[in-house]
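Data block below; observations after.
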Amino acid sequence: MLRPEDFQRLLDVTRALAHPLDLRALLAQIVDAARGLLDAERGSVFLHDPSTGELYTLVATGSGEIRLPPGRGIAGECAQRREVINVPDCYADPRFDSSFDRQSGFHTRCLLAVPLIGHDDALVGVMQILNKRGGVFGEEDESIATALASQCAVALQRQHMLRELVAKEKMEKELEVARQIQVSFLPKTMPKIPEYEVTGWSRPADTTGGDVFDVVGLGPSRAVLLLGDATGHGIGPALSVTQVRSMLRMALRLGGDLDAIFAHLNDQLSDDLPLNRFVTAFLGIVDTESHVLTYQSAGQGPILHLEAAGTTRSLKTTAAPLGMLPALKAPASVSFPVGPGDVVALITDGVFERENPEGAEMGAEAVAEVLRRYAGSPLGEILHRVVEACDTFAGGMPQADDMTLLLLRRNP
């Protein structure tokens, strides 16, 4: 039976543990409380690592952090059995590891190991109390230690959740900064291209995405079109496509031609990206005097060419994705005429592969049908209709991949 004064001391400890503390300070307070309540010389708290099943201490006198494999020693058995273990004579118990005593110079006579079980029945750790002054630990000590352990476990769980919350909030702030930076790389206004309209749109599946588009004017009669899609979505792919866009602009300032730029991008990405990462990309130059679009398509497709007469062509890819094959010689670029009223639609696979609740994909033909249906509308309206049709097809299903469109139309 717990005496009234023990209840009061436990209540005082509970109040103290309710205050916000960093983890080390909280552990120190738990150990001090246990030593005071049980009149013991020392104490320690082993935390449980759910990923490995190990028990570990953040600080242990004379040895730094201690890690115990699952089931190792008295603390490990206490964790596995989830029961109090009372050892009146440690050196007579084969489970006791005296190496820690030898390292620290401390002599452990007796110990009490108590499991720390959280409110959701999860193992939080093990508390060990060493050397009862004037004797060994009894049943009353076990009751007090068990009551204290339940409060300590909740306090440690609360601390863990607070740390996770802080880390999550920090990550969300950093992701938002990354999103703002990525958005700033997209064209705020499109360059004027004589006799042409151009518009673009992108929506990532996460806070940041792995798609990019760009339009760069080259003098009075040429413009460069870029559409890129890195494998995956999130921070890593966002960095990859931002790198592609930056390298493209630098190469254009240095006067590189289409094939040289393609080879440079591929070589640099092959050096920088892991083996399982690559970037599909369309890189094209439209000449507004000859009305010819010359392009390299590194695994990016289908690229749709909607002719004013009503036919739709799917442009072929010219090479493997960027970063997949190092030192790849640029293949021959492809050119085709852009007639009056023609639309060239550069679209990433996040649009074509958008799924409905039954798991069916939108598909290139359905996208092309929307483009044909609204071919006479303003270019921004056509883009809006494609996105609207795609979201309607999805029927409320979450967007699984980044979606990007870049549309070019020659004036009728």
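The values are calculated or read from the model by the stated rules, or taken from the named source; none is laboratory data. All values derive from a computational prediction rather than experimental measurement. So basically every Cβ, Gly included, is an ideal-geometry build from the backbone, and we count neighbours across all protein chains shown.
Below, the figures for the structure above:
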read-out: Single residue of 147, 79 found to be more than 18 Å from residue 35 (Cα to Cα) and touching a residue at least 40 places away in the same chain (Cβ under 8 Å); value: 79
read-out: Criterion violated by residue 199 - all others in (1) among the polar types (S, T, N, Q); (2) at pLDDT below 90; (3) crowded, with 16+ Cβ neighbours inside 10 Å satisfied; value: (2)
read-out: Any hit, segment 369-387, residues being under 30 Å from residue 275 (Cβ atoms) and polar (S, T, N, Q); value: no
read-out: Complete set of residues in segment 242-257 that are closer than 23 Å to residue 316 by Cβ and buried (at least 16 other Cβ atoms within 10 Å of the Cβ); value: 244, 248
read-out: Check on residue 288, of a type outside the set (A, V, I, L, M, F, W, C), on the phi < 0 side of the Ramachandran plot and more than 33 Å from the chain's Cα centre (by Cα); value: yes
read-out: Every residue from segment 22-36 that is modelled with pLDDT under 85 and either surrounded by 17 or more Cβ atoms within 10 Å (Cβ to Cβ) or in contact with a strand residue (DSSP E or B) (Cβ under 7 Å, 6 or more places away or on another chain) (or both); value: 26, 27, 29, 30, 31, 33, 34
read-out: Residue satisfying condition, being in contact with a Lys or Arg (Cβ under 6 Å, 6 or more places away or on another chain) and of a type in the set (Asp, Glu), within set 214, 229; value: 214
read-out: Some residue of segment 283-301 being surrounded by fewer than 19 Cβ atoms within 10 Å (Cβ to Cβ) and touching a helix residue (DSSP H, G or I) at 6+ places or on another chain (Cβ under 7 Å); value: yes
read-out: Some residue of segment 104-123 being buried (at least 20 other Cβ atoms within 10 Å of the Cβ), assigned by TED's automatic domain parsing to the domain that holds residue 72, under 41 Å from the mean Cα position of the chain (by Cα) and in contact (Cβ under 8 Å) with a residue 60 or more places away in the chain; value: yes
read-out: Qualifying residue in segment 210-226 (condition: in contact (Cβ under 8 Å) with a residue 12 or more places away in the chain, part of a loop (DSSP other than H, G, I, E, B) and buried (at least 23 other Cβ atoms within 10 Å of the Cβ)); value: yes
read-out: Given (1) assigned to a loop (DSSP other than H, G, I, E, B); (2) modelled with pLDDT under 90, number of the condition residue 11 does not satisfy; value: (1)
read-out: Residue list for segment 85-103, restricted to those being at pLDDT 95 or above and buried (at least 16 other Cβ atoms within 10 Å of the Cβ); value: 85, 86, 87, 90
read-out: Qualifying residue in segment 241-248 (condition: farther than 15 Å from residue 209 by Cβ and of a type in the set (Gly, Ala, Ser)); value: yes
read-out: Residue pairs meeting the criteria (Cβ under 7 Å; at least 6 apart or on separate chains; first of a type in the set (Ser, Thr, Tyr), in segment 295-308; second in a strand (DSSP E or B) and at pLDDT below 90); value: 297/315
read-out: Hits in segment 220-243 (condition: modelled with pLDDT under 85 and closer than 25 Å to residue 343 by Cα); value: 241
read-out: Test for residue 126: is it buried (at least 20 other Cβ atoms within 10 Å of the Cβ) and either in contact (Cβ under 8 Å) with a residue 40 or more places away in the chain or of a type in the set (A, V, I, L, M, F, W, C) (or both); value: yes
read-out: Strands (runs of 3 or more DSSP E) within segment 238-338 that include 1 or more residues touching a Ser or Thr at 6+ places or on another chain (Cβ under 9 Å) and among the charged types (D, E, K, R); value: 279-287
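Yes/no matrix, rows are residues, columns are (1) under 35 Å from the mean Cα position of the chain (by Cα); (2) under 22 Å from residue 216 (Cα atoms); (3) in contact (Cβ under 8 Å) with a residue 24 or more places away in the chain:
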| site | (1), (2), (3) |
| --- | --- |
| 328 | yes, no, yes |
| 336 | no, yes, yes |
| 354 | yes, no, yes |
| 381 | yes, no, no |
| 407 | yes, yes, yes |
